[in-house]
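As structure tokens, the structure follows; a few thoughts come after it.
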Amino acid sequence: MKILIVEDDVQLATTLKYLVEDNPRYRVVATADDLDSAVAAATEHLPDLALVDLRLAHGTTGFSVAVRMSDFDIPCFFITGRAPDFPMPDLALGCLMKPFTAEDIHRSLAAAEDLMRGREALRPRMPVNLTLYDKVDDEGGQQQPGFIPSRRSLKTRLEHWIAGTQH
């Protein structure tokens, strides 16, 4: 599986590259540090998955990268020190919190691969710092009794996350 790493900390990006490529099933095709370099790398290499930090160089964010990666049908996996306060299944498969171990990376990539391939059963041992995002089910899905479904727009959810509120 070809992987794009989008991380502005060069040392962390290099470490992440080595951790990913420790498993011969995964190959890092490029690293990027901001939105423009991520788009250029996606155009050139067409990765299967992007590992994206949320705070990037030149004032760009992982959210904007995830939106642009969706234009290429490239799923994203957030890797960050501060996770969003709410799931963003329309932007990413999930989020792995820093700090992480090599085993956390390998198990997270395996989970991402399961999700991308549509496997129903995920691997049993997931890292405790990994959150997988469930797709929003328009049919109702698993709702609490008395729950009235409403979907906030992506813009509204981003504004709430930036403001630090969850409402």
Q. Within the stretch 47-60, how many residues turn out to be modelled with pLDDT under 95 and surrounded by fewer than 23 Cβ atoms within 10 Å (Cβ to Cβ)?
A. 6
Q. Considering Phe78, Phe63, Phe86, which residue is of a type in the set (Phe, Trp, Tyr) and open to solvent by less than 10 Å² (accessible area, probe 1.4 Å)?
A. Phe78
Q: Collect the residues in the stretch 23-76 that are small (Gly, Ala, Ser) and part of a loop (DSSP other than H, G, I, E, B), keeping them in residue-number order.
A: none
Q. Taking the stretch 13-43, which residues are surrounded by 15 or more Cβ atoms within 10 Å (Cβ to Cβ), of a type outside the set (Asp, Glu) and more than 21 Å from His106 (Cβ to Cβ)?
A. Ala32, Leu35, Ser37, Ala38, Val39, Ala41, Ala42
Q: Of the numbered conditions (1) among the aliphatic types (A, V, I, L, M); (2) buried (at least 20 other Cβ atoms within 10 Å of the Cβ); (3) free of Cβ contacts under 8 Å to residues at least 40 places away in the same chain, Val10 fails exactly one; give the number of that condition.
A: (2)
Q. If you go through the stretch 1-22 one residue at a time, how many are assigned to a loop (DSSP other than H, G, I, E, B) and charged (D, E, K, R)?
A. 4
Q) Does Ala40 satisfy being in contact with a helix residue (DSSP H, G or I) (Cβ under 6 Å, 6 or more places away or on another chain) and of a type outside the set (Ser, Thr, Tyr)? A) no
Q: Could you tell me whether Ser108 is under 19 Å from Glu7 (Cα atoms), open to solvent by 50 Å² or more (accessible area, probe 1.4 Å), under 12 Å from the mean Cα position of the chain (by Cα) and among the polar types (S, T, N, Q)?
A: no
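The values are calculated or read from the model by the stated rules, or taken from the named source; none is laboratory data. Treat the numbers as computed from the prediction; the structure is a model and nothing was measured. Backbone-built Cβ (ideal geometry, glycine too); neighbour counts: all protein chains shown. Heads up: the accessible areas ignore ligands, DNA and RNA and are worked out on the full protein's heavy atoms, side chains in. Shrake-Rupley method; radii C 1.70, N 1.55, O 1.52, S 1.80 Å.
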